[in-house]
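The structure appears right after this line, and notes come after that.
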Amino acid sequence: RWSDLPVRGLFVPLLYRSVYYLSAGASVTGEQLVAGEPGELRITGVAPGTSLRLLGPEGSEVAPDQRNLFGATLLSVGRTLNVPGVYDVQAGERPVRRIAVNVDPNESNLRVATPDSAAATLGRVVGTSVQSLSGTGSETVAEALRTQQAGTELWNVFLLLALVFLVAEMVVASGGSRPGKEPPLTGYTLYGPLPLELTPPRKESHFASRVH
């Protein structure tokens, strides 16, 4: 026999507690934090109003929201713990607790996600709306990607407007110079021979008057 543990009285309670611990939820096993997901930590053994902070595995520091409970302090980490690893809860320079932030188990799921589910998950991570495109036609997808990146091209619209304005200008210019229509006279334009009134008088020389 390997051991006499199965015949001892401790074996049944030990087996019962082991099964209960492995099948228990967060209420028994404690807080289970997942990277990138909101969570809460119940810290005991600290004075009310003590400022707590989390030190990450890469030297990052997080100051979570905290509120006082009866005999404990509740920390709300939100989505600030994005890197999995071991974090230290410190009150000033004194460590009060060490917690583990695990990888999201959904990341190990190898099943193919639906387009809507993948778009919703990616949109939640990047913080913006994500639109899924169907891959039935490669040309359609390429055109949609070009439209999303460069926007709608407007050069053809402006070219058409320029041609319309050019034709309109030509029509207006041709209508202003019709045959048979004389241009307007200005105050300084004279046509034909010089009028007699404007001819300066001739002056007779003094020599001619003396001869007469």
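Each value in this text was obtained by applying a stated rule to the coordinates, not by laboratory testing. Just so we're clear, the structure is a prediction, and the values are computed from it rather than from any experiment. Positions of Cβ are backbone-derived with ideal geometry, glycine not excepted, and every protein chain shown enters the neighbour counts.
For residue 91, the shell of other residues with beta-carbons less than 10 Å away shows a net charge of +2, using +1 for Lys and Arg and -1 for Asp and Glu. On the beta carbon distance between residue 37 and residue 147, with R0 = 35 Å, the FRET formula returns roughly 0.50. Translational diffusion coefficient of region 31-105 (Stokes-Einstein, Kirkwood radius from Cα pairs, 10 °C, 1.306 mPa s): 129 µm²/s.
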